[in-house]
Structure formats: C-alpha cells, structure tokens
Amino acid sequence: MDITLEPVDFNISQELNDHMREMFNKLSKYNDQIVGIDLYLKSNANDEDREKTVDAKVFLPGNDIYVSGKGDSFVTAGQDCYDVAKRHVRKAKEKVKDRHQGRPDKA
C-alpha cells in the first residue's frame, strides 16, 4: 500500500510524516484491498482558531473513499480522519463480502 503525504503551503517535520504514515498504514488491517492513500494536510492560519485539517483519499477497487478530519493539531485532525476512514473501509469490505455470499432465497 502506497501512502502519499501532501502538505498544502508548508513543510512538515519528519516526525509528523512518520506518525501519519504509521497511523494510516493500520487501515490495511481492516481491508486488504486498499491500493493507496493520499493525505492532504492543511493549516488554516487565516482562521482565528487556527484549525488544522487532514483530508484522506483511500483508493479501493471500484469506489474511492474521501474523508476529512479537523482538530487543534495535525495529530488530532489525523486521528479524527483515521477514525472516519476506518469506519468507511470496514463498511466497504462488508459490502463486498455481502455481495459474494449466496442468496438464501435462491438455494
């Protein structure tokens, strides 16, 4: 699985880079069909609350999943985004699993 980090208009530290990759790499436990993940880190410096945003695009065969998370720091925004992505990835796997099971009314 390929994970790409794209900070928008700033540079990120190696520590944050490693933390984000490690966090989102765990998604492969919930769906082994994930091809790649693009992460976009945005710092809303113009806002008075200086909110951070992490957007993730998870590439799956068929449909891609796009989720977003917000927080006071990139770590909390990333965790929020990861939690939402985990739910959607699990749901996508269950949907595929249900399609492959035989229908009981056609037995």
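The values are calculated or read from the model by the stated rules, or taken from the named source; none is laboratory data. Predicted model, so just to flag it, every value in this text is computed and none were measured. Positions of Cβ are generated from backbone atoms using ideal geometry, with glycine treated the same way; all protein chains shown enter the neighbour counts. In case anyone asks, the SASA skips ligands and DNA or RNA and just uses the protein heavy atoms, side chains included. Shrake-Rupley method; radii C 1.70, N 1.55, O 1.52, S 1.80 Å.
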Open item on the list: I'm checking my understanding of the structure. Among residues of the stretch 1-37 that are touching a residue at least 60 places away in the same chain (Cβ under 8 Å) and polar (S, T, N, Q), which one is nearest to residue 79 (Cα to Cα)?
Closed with: 31
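Against the condition open to solvent by 80 Å² or more (accessible area, probe 1.4 Å) and modelled with pLDDT of 85 or more, how does residue 101 come out, does it pass?
Values: open to solvent by 80 Å² or more (accessible area, probe 1.4 Å): yes; modelled with pLDDT of 85 or more: no.
Against the criterion (open to solvent by 80 Å² or more (accessible area, probe 1.4 Å) and modelled with pLDDT of 85 or more), residue 101 does not qualify.
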Open item on the list: Filter the stretch 8-49 down to the residues that are surrounded by 16 or more Cβ atoms within 10 Å (Cβ to Cβ), modelled with pLDDT under 90 and assigned to a strand (DSSP E or B) and list them by number.
Closed with: 43
